[in-house]
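Report on the structure given below.
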Amino acid sequence: MTENVWAYRAGVAYLAADLTGYGVEALDGSIGKVDKHSDEVTDAYLVVDTGVWILGKEVLLPAGLVTRIDHAAEKVYVDRTKEQIKAAPEFHRDEHLGNAAHREALGTHYLSGMPFGVPPA
């Protein structure tokens, strides 16, 4: 089940777009800017530099959390709250990018307690 979260949803316009530098909006506000992204079919994700929100940290967001991309405004919208994102397993690019165990932990975190694609209450 965690594999679904690593693919963009149908209708999200991500193809042929460089999302680097786009702002990222959680359900309750901005969380930072895209520093790196992948649009691989089974391994799509965003690495977000959180700036002052979580000082000096990056977060890894599975692409399945993206609900839409506004290319004109250069913003990516995700269906999780800032607190849900902050509570995710800590991410260190050199250690966790491409790490299957970390990917599984993130997938479980973001999907726990709710069916995929259903926004939190």
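The values are calculated or read from the model by the stated rules, or taken from the named source; none is laboratory data. Computed from a predicted structure; not experimentally measured. Here Cβ is always computed from backbone atoms with ideal geometry, including for glycine, and neighbour counts include all displayed protein chains. Side chains are part of the model used for accessible areas, which takes the heavy atoms of the whole protein and leaves out ligands, DNA and RNA. Shrake-Rupley method; radii C 1.70, N 1.55, O 1.52, S 1.80 Å.
For the range 24-121, applying the loop criterion from DSSP together with a ceiling of 15 other beta carbons within 10 Å to the GluC sites (Glu not before Pro) yields Glu74, Glu90. What a 1.4 Å probe finds exposed on the chain is 53% carbon and sulfur by accessible area, rounded to a whole percent. Here the sum of -39500 (n - 2.57) over DSSP H runs of 4 or more residues, divided by the residues of the chain, equals -4500 deg cm²/dmol at 222 nm, to the nearest 500.
If you sort the three axes of the alpha carbon gyration tensor as a ≥ b ≥ c, you get a/c of 1.5 or more for the range 1-71 and a/b above b/c, which makes it prolate.
For the chain, with every protein chain kept in place, what is the accessible area per residue (1.4 Å probe, Å²)?
Ligands and nucleic acids excluded, the result is 51 Å² per residue.
Between Ala87 and Ala10, how high is the FRET efficiency from 1/(1 + (r/R0)^6) when r is the Cβ-Cβ distance and R₀ = 30 Å? Nearest 0.05.
Approximately 0.60, to the nearest 0.05.
Working from label points 7 Å from Cα in the Cα-to-Cβ sense, the Tyr77 to Val52 distance is 2.5 nm.
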